[in-house]
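Data block below; observations after.
The values are calculated or read from the model by the stated rules, or taken from the named source; none is laboratory data. It should be emphasised that the depicted structure is a prediction, and the values quoted were computed from it without experimental measurement. Counting neighbours? That spans all protein chains shown, and the Cβs are built from the backbone with ideal geometry, glycine included. Heads up: the accessible areas ignore ligands, DNA and RNA and are worked out on the full protein's heavy atoms, side chains in. Shrake-Rupley method; radii C 1.70, N 1.55, O 1.52, S 1.80 Å.
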Amino acid sequence: MRVLGIETTCDETAAAVIERRADGSGRILSNIVHSQIADHAPYGGVVPEIAARAHIDLLDGIIRRAMADADTKFADLSAVAAAAGPGLIGGVIVGLTTAKAIAMVHNTPLIAVNHLEAHALTPRLTDALSFPYCLFLASGGHTQIVAVLGVGDYVRLGTTVDDAMGEAFDKVAKMLSLPYPGGPQVERAAMDGDAKRFAFPRPMLGRPDANFSLSGLKTAVRNEAGRIAPLQPQDVSDLCAGFQAAVLDATADRLSVGLRLFHERFGEPQALVAAGGVASNKAIRGALLEVAAKAGTILIMPPPELCTDNGAMIAWAGAERMALGLTDTMEAAPRARWLLDASATAPAGYGKTRAAY
Ligand code: KG4
Ligand code: ZN
């Protein structure tokens, strides 16, 4: 089957066409991603209204390119899939409404995809991974450890009780006057820094659950930066190195607990899978390799362009659902929040209203 996938939940406007064969293997025929980073950079973060308007302006052209690159006509599609959430609601409405229009005009099945499910199923497209496996998703909006047991069958093992990991990187960058998006900037600055100069906390270390907390660490960085201001370049590097080292230790600890919980409940995972922008951090990737090896499993990281938001993952998740007959109607609603694990409750210590906990 051939599926068009549309992604508009945050600041990437993306469309892709993928093919899924009867044996369950897949192939990307086209994958067009337009990042709106330049539109949001002056504000130091994603501005929802600007993102929604940019999606409206860009999406038709991006879909046209994705269809042309895949040499595919609307009539050839088996289904059209759109990320229906969780995410910034203005953008989600643009993508889902466009998918509905295509589905209606061409009489094609519609699939409303959970954006998190799309991240979760990507390694089945890239690495033909079989269930069950353990997913670590760390992006600007999410930080979760999820047991992926089957299509539509997810159990959340851990989540952040406050900031997402990428969000913490972005906020630390902002307070140190580094440009947006901050993750790669912090990583670069940390390379020249002394990670031991500041004694930052390792949040949640040793706790029996697999949850994360990042806002206290972020505040500790802010306090130290305030104490030694004005900051010299070496100070910025040392603060970044200290922050990143604390994130690494916390990640390694939380994930080893997550993998232990996985093992107790579901047996041997086929792999530890890392996805989301933060997983492109080389130091974090090193820590993940170590955690996986210690737990006796392998680390799978889809290539960076499929780890960050894209249309191919939405199309693939759509195809996986389509193969099970899971299509949606025109009533499918855009959702700002949409838990992957519907039975998951807010973790202890969870304070704020978030897109997904
Ligand atoms: O998955 P992604 O591209 O978009 C979503 O948030 O959905 O993730 C972007 C996030 C940003 O917060 C960015 O600062 C962070 O991932 N990030 C990094 C690195 N590259 C991107 N964080 C730490 N180190 C990096 N090298
Ligand atoms: Zn994402």
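Contact list please: Cβ distance under 7 Å, first residue in the range 273-287 and within 7 Å of ligand 1 (Cβ to nearest atom), second residue of a type in the set (Val, Ile, Thr) and assigned to a loop (DSSP other than H, G, I, E, B), pairs at least six apart or on different chains.
The qualifying pairs are 277/308.
Within the range 99-122, can you find the residues that are of a type in the set (S, T, N, Q) and open to solvent by less than 30 Å² (accessible area, probe 1.4 Å)?
Across the range 99-122, the qualifying residues are 108, 114, 122.
Find the residue count for the range 228-242, including only residues that are closer than 11 Å to residue 176 by Cβ and surrounded by fewer than 18 Cβ atoms within 10 Å (Cβ to Cβ).
Here the count works out to 3.
Which numbered condition in (1) in contact (Cβ under 8 Å) with a residue 24 or more places away in the chain; (2) in contact with an Asp or Glu (Cβ under 8 Å, 6 or more places away or on another chain); (3) not acidic (Asp, Glu) is the only one that residue 56 fails?
Of everything listed in (1) in contact (Cβ under 8 Å) with a residue 24 or more places away in the chain; (2) in contact with an Asp or Glu (Cβ under 8 Å, 6 or more places away or on another chain); (3) not acidic (Asp, Glu), residue 56 misses just condition (2).
Residues checked against (1) open to solvent by 10 Å² or more (accessible area, probe 1.4 Å); (2) part of a helix (DSSP H, G or I); (3) closer than 22 Å to residue 141 by Cβ; (4) of a type in the set (Lys, Arg):
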position	(1), (2), (3), (4)
248	yes, yes, yes, no
251	no, yes, yes, no
255	no, yes, yes, no
260	yes, yes, no, yes
265	yes, yes, no, yes
268	yes, no, no, no
273	no, no, yes, no
285	yes, yes, yes, yes
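Which of the residues that make up the range 67-98 are over 19 Å from the mean Cα position of the chain (by Cα), surrounded by 15 or more Cβ atoms within 10 Å (Cβ to Cβ) and small (Gly, Ala, Ser)?
70, 78, 79
Give 181, 123, 201 a once-over and let me know the one that is in contact (Cβ under 8 Å) with a residue 40 or more places away in the chain, within 15 Å of ligand 2 (Cβ to nearest atom) and out of contact with any strand residue (DSSP E or B) (no Cβ under 7 Å at 6 or more places or on another chain).
Going through 181, 123, 201 in turn, just one is in contact (Cβ under 8 Å) with a residue 40 or more places away in the chain, within 15 Å of ligand 2 (Cβ to nearest atom) and out of contact with any strand residue (DSSP E or B) (no Cβ under 7 Å at 6 or more places or on another chain): 181.
Going through the range 278-297 one residue at a time, which ones are more than 16 Å from ligand 2 (Cβ to nearest atom) and not hydrophobic (A, V, I, L, M, F, W, C)?
282, 285, 286, 290, 294, 296, 297
Confirm whether residue 306 is closer than 30 Å to residue 37 by Cβ, within 12 Å of ligand 1 (Cβ to nearest atom) and assigned to a helix (DSSP H, G or I).
It is true that residue 306 is closer than 30 Å to residue 37 by Cβ, within 12 Å of ligand 1 (Cβ to nearest atom) and assigned to a helix (DSSP H, G or I).
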